[in-house]
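Undergrad: Submitted below is the structure of interest, expressed as structure tokens.
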Amino acid sequence: MVSPIRFGTATPRGRPSATIAVRFLPGVVLNGRRIGERDRVVHLVPAPAGTVPPDRLQAFCGQSFAPGQAEIVGVGRGMPCVVCLAAAPPADA
Ligand SMILES: [Zn+2]
């Protein structure tokens, strides 16, 4: 299994940052409703520390992802969550 941070955002110098970009997988059901494409905005999540996956991922905007609900998104892909963009620390922080 590949570490999620490998697919995380990168700083201008190419170093991995402490933030990863994720979005809901297609077909996830939330609150009894199957999500649509407009629900699949790309959220920013603090990279989990250590090697044990967390129970849930929590985005800077408050969106939470249970195991099996999220996919890691490459830099520049998908529509960004503007709340996450405003709330996430700068890449060099
Ligand atoms: Zn967000």
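Undergrad: All but one of (1) touching a strand residue (DSSP E or B) at 6+ places or on another chain (Cβ under 8 Å); (2) modelled with pLDDT of 85 or more; (3) in a loop (DSSP other than H, G, I, E, B) hold for ALA91; which doesn't?
TA: Going through (1) touching a strand residue (DSSP E or B) at 6+ places or on another chain (Cβ under 8 Å); (2) modelled with pLDDT of 85 or more; (3) in a loop (DSSP other than H, G, I, E, B) one by one, ALA91 breaks only (2).
Undergrad: A follow-up question, please. Which residue pairs have Cβ atoms under 9 Å apart, sit 6 or more places apart or on different chains, and have a first residue in the stretch 21-34 that is touching a residue at least 40 places away in the same chain (Cβ under 8 Å) and a second that is part of a strand (DSSP E or B) and among the small types (Gly, Ala, Ser)?
TA: Pairs that qualify, where the first residue is touching a residue at least 40 places away in the same chain (Cβ under 8 Å) and the partner is part of a strand (DSSP E or B) and among the small types (Gly, Ala, Ser), are VAL22/ALA70; ARG23/ALA70; PHE24/ALA70; LEU25/ALA70; VAL28/ALA70.
Undergrad: Still on this structure: Cβ contacts < 7 Å: first residue surrounded by 13 or more Cβ atoms within 10 Å (Cβ to Cβ), restricted to the stretch 52-67; second residue small (Gly, Ala, Ser) and assigned to a loop (DSSP other than H, G, I, E, B), any location; separation 6+ or different chain. Result?
TA: That search, which allows pairs on different chains as well, returns PHE60/ALA88.
Undergrad: Within the stretch 71-85, how many residues are closer than 16 Å to ALA18 by Cα and more than 9 Å from the ligand (Cβ to nearest atom)?
TA: Number satisfying all stated conditions: 4.
Undergrad: Which residues, taken from the stretch 68-81, are surrounded by 12 or more Cβ atoms within 10 Å (Cβ to Cβ) and among the β-branched types (Val, Ile, Thr)?
TA: Passing the criteria: ILE72, VAL73.
Undergrad: Can you confirm whether the stretch 33-42 contains a residue that is modelled with pLDDT of 95 or more and not charged (D, E, K, R)?
TA: yes
The values are calculated or read from the model by the stated rules, or taken from the named source; none is laboratory data. The structure displayed is predicted, hence computed values, not measured ones. No Cβ is skipped: glycine too gets one built from the backbone with ideal geometry, and neighbour counts run over all protein chains shown.
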